1. Report the local net charge at His131: Lys and Arg +1, Asp and Glu -1, summed over other residues whose C-beta lies under 12 Å from its C-beta.
2. State the Cα centre-to-centre distance between segment 30-47 and segment 85-152 in whole Å.
3. Could you count how many Lys pairs in the chain have their Cα atoms under 22 Å apart, skipping same-chain pairs fewer than 8 positions apart?
4. Given a Förster distance of 30 Å, report the FRET efficiency between Arg3 and Arg140 from their Cβ-Cβ distance, rounded to the nearest 0.05.
5. Count charges around Ala104 for me, please; just the other residues with Cβ under 12 Å from its Cβ, Lys/Arg as +1, Asp/Glu as -1.
6. What is segment 103-146 by shape, rounded, prolate or oblate, if you read a ≥ b ≥ c off the alpha carbon gyration tensor as root eigenvalues and call it rounded for a/c under 1.5, prolate for a/b larger than b/c, and oblate otherwise?
7. Set the Förster radius R0 to 25 Å, insert the Cβ-Cβ distance between Arg20 and Lys105 as r into 1/(1 + (r/R0)^6), and round the FRET efficiency to 0.05.
8. Between Lys51 and Gln31, how many nm apart are label points set 7 Å from Cα along the C-beta direction?
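Quick note: the coordinates plus some simple rules give every number you see, no bench work behind them. Just so you know, these numbers come straight off a predicted model, no measurement behind them. Neighbour counts are summed over all protein chains in view; Cβ atoms, including those assigned to glycine, are modelled from backbone coordinates with ideal geometry.
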Amino acid sequence: MNRQRSVRLSTRALELFLVRVRRELGLKQAQVTVCLVSDAEIAGMNQSFRKKHGPTDVLSFPAVKLRKPRRSRWLPVSFTTVSVDREVSLGDIAIAPAVAKRNAKNYGRTLPAELKILILHGVLHLLGFDHEADGGEMDRIEKRLRRRLGLA
């Protein structure tokens, strides 16, 4: 879903990338909504939900509690997620393309690559990972997945 107008981009490539991420993580039919929003909109969300001032690049809003242990070739045995044998929504991801564009320039990446990295990062948050509190576990998994998905 694209609710911003400041950055022109193709959403089709991002949709296809999200399908690939779901497949790589073994999420089968699990649904994830990605919404591209303005800096002002994500700044409002950042203030409301994280009590942080200003825009950020990505925010994740999980819709389900993680319950059932699940083994994955990319994730540790202790990883837990929902059973996704049926269609279930894992949650929503909000991305600010204008912030992503600035970050891409700073990191020496293209905007499409930066947006894909943010989608991957957001999905990992929906699955319960928290890079601020997990001792580097999410960062290690994200780096492995980036290499696998050609985003290293």
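1. -4
2. Each part's Cα centre sits 14 Å from the other's.
3. 10
4. That gives a FRET efficiency of 0.35.
5. In short, +3.
6. Because a/c hits 1.5 or more and a/b exceeds b/c, segment 103-146 counts as prolate.
7. 0.50
8. In this crude spin-label approximation the distance works out to 3.4 nm.
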